[in-house]
Structures are given as structure tokens and as C-alpha cells.
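Peer 1: This structure is in C-alpha cells; I'll ask about it shortly.
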Amino acid sequence: MSEHGDQVPGYRVIRMEALQDAPAAALADVEAWQAREAYPNVLAGGGPVFGVAEELDSGGWRVLSRFGNMAPQSSRDTLAMTFRQRAREAGDAGDTATQQEWLRGAERLDREKVDELTVHGRRFRVVRADQFIRMGPTGPEPPRPSDPDPAKVGHAHELPSRTTGFVIDPFTATGMSEGILRMELLSLVRAPGTAPAPVRKDSVRALKTHPGGVLLPAEFTAAEYADGGWQPTQMTNQSPQGARDTLTTYLRVMAPAMEQLDDETRAEYARAADRVDAERCDEIVIDGCRTRIVRVERLVRIGPDGPEGPRLSDHDPELPTAVQEEQLRAEGLFDENRVVSEEEAEQQRVAEEQAKEFLRLFEEQRRKREAAEGS
């Protein structure tokens, strides 16, 4: 018998329905079910990611930023920028009182690690999402045919965000396969020995505090097979082509500049990048290592008061911006008359040379792509 009897809270309900009237959604549901057989194991896909959401009067929480921050403080900074944008809009409209209210919210975020604020009658929250990948005998799951991938090579960054504007609402109906996946993910906790004790403790606690959940739009990353396992090599992108573009930029720009590759290796990396561009392939061998574009699921857990915020055990090393500035001034790092050491001067010189090489290689890549598009 349920602990709630017949009165199951709405945030714990997963509404599943047939999708015959939506062919694309129905196809995605079929592919999701097939993925359960080809990639039966669900594994943690790296650490949590964070974004910002605003509570809606109509129910649910609307996402205001892409879930790409690896630590909560970056999302707090994003929220402060959101408040300042709204302050500018209020100022342009001549509403000084509202403008000042938004600015007070931003200034508080500049000084405090606050994960929820109510400003101008609206509730805002830093929201946490766990990441997962499906794994099978051949490795992690690649993009599915139904995953949106409309961008041309080199233009994925121009796509609008699939997550910004998404409404986190457990009452929204979903397909059968996604509903089953949500149930699977909601039951997962960190196994003993796989994480520090505080991380596992928070994982177990979340089963009770935030037992419901919603899946965000899937994202994609590149992962490399090395030392007997698969490891992500980049942050996630909102489309498969975005992950490919990031991979080819690494091969043509980042690796040559940062790793000081010899001419032979540079040429090999460039050929691999050309193949990824030409074939839009999702797997390639680079320097003897398999690299695959991988699909990443992201789950926001939900409790009686809405989506889960940062946990005490989450990595959160950064300080609010105003506190950082005060510390730097106290250490004399903002002193214009401070004498720069020889070590600092050498580090600055290396950084400047590296930046020049980045720009040269990036411009070279841009010209090459423009020539290919014009041919």
C-alpha cells in the first residue's frame, strides 16, 4: 500500500499516454524503448548540472537558462544577470521602484550564496539536474535518429536553446518509454563505495525529499574509450551537431595550441575533423582511441515545494562575485603599482602566445568552412 493511500501527491505522479496523434513523438517513444534493449544499463553521466528557473502562476517552473553550469555559483551569477536585465527593462519603462527591487535582488546574489529568492512577487530558484547515460555491450548510447539535429556543420551554436523556456512540470503527460525511464532514474542512488559518504547520503535523502521528477531535453557530448572505460571529453551540447562541432574545434584549434602537437599529429587530427564534418559521423578513431558522440539524459528531481536545488555535498568552490573582488583587493591583486614577479610575467607571456595561436587556428578553421559552404 502507498504511504499516501489513495491520495498520491501530484509531484509523484508520472502521467503516461499513447502518442498516436503525434508521429514524431511516437517515433521517439519507440526509439526510447528500443534503447532499453540495446543499451540496458543506466549509469551516472558525470556530476550534476545547474540552471535557473522561475515559478509560474499556472504551475510548474520555467527554465531561464541552459543547464550547463557545473557548479551552483555560476547559476547564481546567471540569476543576478537576469535580475539586472529586468531592472533595465523596468527602468526603460519608467518604473523606478520595480527597477530598484530587481537591483536589490542582484546585489544580494553578488554577496551571498542564495539558491532561492522572491523578487517582485516572483519566486526564482537555482535548480539541480542529474546526468545519466545508457550503456550497452558496444559502449554508451549515441544520438537517436529522432533527436533534433537540424544545424549545418559549424553552425550548431546558432540554434535556439531547447532547454531555455522549458517548463518543469510533473503534470505534463509523457510517452510510455520516457515515463518508464523517469521511474528508473528516480529510483537510482549512489552505491556504497562509488562516491564520498556525504554525496551518497544526499543521494539517498533525495529519494524522500524529492521523489518526483521531470526529464529535460537530452544533450550530447563526446566520450573517449581509454583505460578500459568511457570518459566524457567535453561539456554537453544541445544537439549532436553541437557535440561534433566542439569535437572538431578541439581537433583543429584547442589540441594543436594547448598540447603543442607536432606537424604529423596536427595533420592526423585535421583529417579526423574533416571526416567528422563530411560524414557527420558519431564515432571516430583519433590517435588510436575510439571517440563517440554520446546521448546524455538529465533528470530534475521534484518535491512538494518544486524542483530540487543544490545539495550540501555538491561541488561549490566559487564565491559570490563581490566577495571574490574584496578578497583579491585584500590580497593586493588589484593594486596597479604591484610589481609582477618573473614567474607571473612568464605565465602571462605563455598565455598571450597561446591566445594568439588559438585565434590563428580558429580563423583558419572559419575560412575553411566558409570555402566548403561556398563550393
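Peer 1: Suppose we keep only residues that are in contact with a helix residue (DSSP H, G or I) (Cβ under 6 Å, 6 or more places away or on another chain) and more than 23 Å from P217 (Cβ to Cβ) within the range 278-298. Which one would you say is modelled with the lowest pLDDT? Give the derivation first.
Peer 2: Taking the range 278-298 and keeping what is in contact with a helix residue (DSSP H, G or I) (Cβ under 6 Å, 6 or more places away or on another chain), we get 284, 286, 293.
Of the ones still in play, those that are also more than 23 Å from P217 (Cβ to Cβ) are 284, 286.
On the way: I284: 96, I286: 90.
Only one residue tops the list, namely I286.
Peer 1: Being over 30 Å from F171 (Cβ atoms) and aliphatic (A, V, I, L, M) is the filter here; which residues of the range 285-326 pass it?
Peer 2: Result: V285, I286, I293, V294, L319, A322, V323.
Peer 1: Would you tally the residues in the range 183-236 being among the small types (G, A, S), under 18 Å from I302 (Cα atoms) and surrounded by fewer than 17 Cβ atoms within 10 Å (Cβ to Cβ)?
Peer 2: Number of matching residues: 1.
Peer 1: Which pairs turn up if I take residues in the range 355-375 that are under 13 Å from D274 (Cβ atoms) and surrounded by 12 or more Cβ atoms within 10 Å (Cβ to Cβ) and look for partners that are small (G, A, S) and modelled with pLDDT of 80 or more with beta carbon separation below 6 Å, at least 6 apart in sequence or on another chain?
Peer 2: Here the result reads R369/G154, each pair linking the range 355-375 to a residue that is small (G, A, S) and modelled with pLDDT of 80 or more.
Peer 1: Any chance the range 209-222 includes a residue that's outside any helix (DSSP H, G or I) and either among the aromatic types (F, W, Y) or more than 30 Å from G60 (Cβ to Cβ) (or both)? Working first, answer last.
Peer 2: Kept after step one, since they are outside any helix (DSSP H, G or I), are these residues of the range 209-222: 210-222.
Next, only the ones that are either among the aromatic types (F, W, Y) or more than 30 Å from G60 (Cβ to Cβ) (or both) stay: 220, 222.
Yes; the residues of the range 209-222 include at least one that is outside any helix (DSSP H, G or I) and either among the aromatic types (F, W, Y) or more than 30 Å from G60 (Cβ to Cβ) (or both).
For (1) within 30 Å of L186 (Cβ to Cβ); (2) surrounded by fewer than 22 Cβ atoms within 10 Å (Cβ to Cβ); (3) at pLDDT below 95, each residue gets a yes or a no:
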site: E107; (1), (2), (3): no, yes, no
site: V114; (1), (2), (3): yes, yes, no
site: L117; (1), (2), (3): yes, yes, no
site: V126; (1), (2), (3): yes, no, no
site: G136; (1), (2), (3): yes, yes, no
site: P142; (1), (2), (3): yes, yes, no
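Peer 1: Then there is this: With the requirement that a residue be of a type outside the set (V, I, T) and in contact with a Leu (Cβ under 8 Å, 6 or more places away or on another chain), what does the range 282-336 give you?
Peer 2: Taking the range 282-336 first, the residues of a type outside the set (V, I, T) are 282-283, 287-290, 292, 295, 297-299, 301, 303-320, 322, 324-336.
Result: E297, R298, L299, R301, P320, Q327, F334.
Peer 1: Let me ask you something else. Which residue pairs have Cβ atoms under 6 Å apart, sit 6 or more places apart or on different chains, and have a first residue in the range 199-212 that is farther than 13 Å from P48 by Cα and in contact (Cβ under 8 Å) with a residue 40 or more places away in the chain and a second that is among the basic types (K, R) and crowded, with 19+ Cβ neighbours inside 10 Å?
Peer 2: Partner pairs satisfying both residue conditions: A206/R301; H210/R301.
The values are calculated or read from the model by the stated rules, or taken from the named source; none is laboratory data. Just so we're clear, the structure is a prediction, and the values are computed from it rather than from any experiment. Virtual Cβ from ideal backbone geometry, glycine too; neighbours counted across all protein chains shown.
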